[in-house]
1. Any chance you could run the full-extension gain for residue 143 through residue 234? It's 0.36 nm times the residue separation minus the Cα-Cα distance, nm to one decimal.
2. Compute the helix-to-body angle for 36-53: its Cα long axis versus the longest principal axis of the chain, expressed 0 to 90° and rounded to tens.
3. If one takes the longest principal axis of the Cα atoms in the chain, at what angle in degrees, from 0 to 90 and to the nearest 10, does the Cα axis of helix 84-108 lie?
4. Once you have the Cα-Cα distance between residue 38 and residue 186, take 0.36 nm times their residue separation minus that, and quote the gain in nm to one decimal.
5. Rounded to whole Å and sorted largest first, list the principal axis extents of the Cα atoms in the chain.
6. With a 10 Å Cβ neighbour count serving as the proxy for reagent exposure, in which order, fewest first, do 158, 35, 214 appear?
7. On the first, second and third principal axes, largest extent first, how far apart are the outermost C-alpha atoms of region 64-204 in Å?
8. As I understand it, the value is the acute angle between the Cα axis of helix 6-26 and the longest principal axis of the Cα atoms of the chain; what does it come to in degrees, rounded to 10?
C-alpha cells in the first residue's frame, strides 16, 4: 500500500473543499449570520497559521515515530502478525476512538478549552470552520498524536489512511450542506453528518456536550453522548458569550486563548443556553 503523493493529496483536498463550498451555495442547511466571503477569508487565515504549526510541531515527530513503529514493531497492533489491510483498518478505528477521547478533553480541561474555543466561536458553521483551529490547540494535540501512534502501533500507511479519512470527514460534517434527512439518517448509522455535528456547535451547553465523534458515530453511541433530536432551525451556532462579529476578527481569534475567558452568563439575553427536553428519542435525527 503506497502513500498518496503530496501534490495529489493537496489537489484532492483542495478539490473537496471547493466542491463543498459550491454545494453549500446551492443547498444551504442553515442561514448565514456573517458574510461568507469575509468568514472564509478569516477562517482560512487561521487555518494557514495552523498548517504551518502542524508542519513544524507535529509532522517531524510523528513521521519519525511511525517509521520507528514499523521498524521496531512496537505498539499494540504490531504485537500481532496481521495482514496489512486489516492492520490499517484497525489502526484507523483506534485512532478515531482516541480522537474522540481527545475531543472530550478539549471541552472538559479548561486549559485546552481556551484554545478549542476559537473553533466553536464561529457564528456560522461550514466547510471553512472545519479548518479553523488555533495553532495552540495543534501544538497541544501533537503530544496526543505521538501517544496515539506509539501506543496503538501506527505504521506510516495507517497514519496516511486515517488522515485522509479524518480530513474528508471533518470537511463533510462541518459543511453547511442540506442533504435529504432520510439520507442523513442512513449515513448517521456509521458516520458523522452535517445535522449531527451542527448540534455539537449549538450555544446550548447540553447540546455542545454531545456528538463528540469525528468520524464514526459508534463512539457517541457507546458512551451515550449521541444526540440527534434537535431541529436545525432551532440551533444557534457559536459560544454564548462571544456573539459580536467585530470581536471575532483574525487578530482577536489568535489572541483569544491568552485573555480572560468570558463566563456563559455574559451572553446576551436573547442567546439560548438551555432547551427544554424534546419529546423525541435522542437518536432520532430531525430535519
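1. Details: separation 91, 0.36 × 91 = 32.76 nm, distance 3.75 nm.
Extra length available between residue 143 and residue 234 comes to 29.0 nm.
2. Helix 36-53 sits at roughly 30 degrees to that axis.
3. Roughly 40 degrees, rounded to the nearest 10.
4. Separation in residues times 0.36 nm, less the Cα-Cα distance, equals 49.9 nm.
5. Projected onto its principal axes, the Cα set of the chain covers 58, 41, 36 Å.
6. Values: 158 26, 35 11, 214 21.
Fewest to most other Cβ atoms nearby, the residues stand as 35, 214, 158.
7. That works out to 47, 38, 21 Å along the principal axes.
8. It works out to around 20 degrees.
Read the figures in this text as sums done on the coordinates, not as results from a lab. The model shown is predicted, which means the values in this text are computed figures rather than measured ones. Every residue, glycine among them, receives a Cβ derived from its backbone with ideal geometry; neighbour counts consider all protein chains shown.
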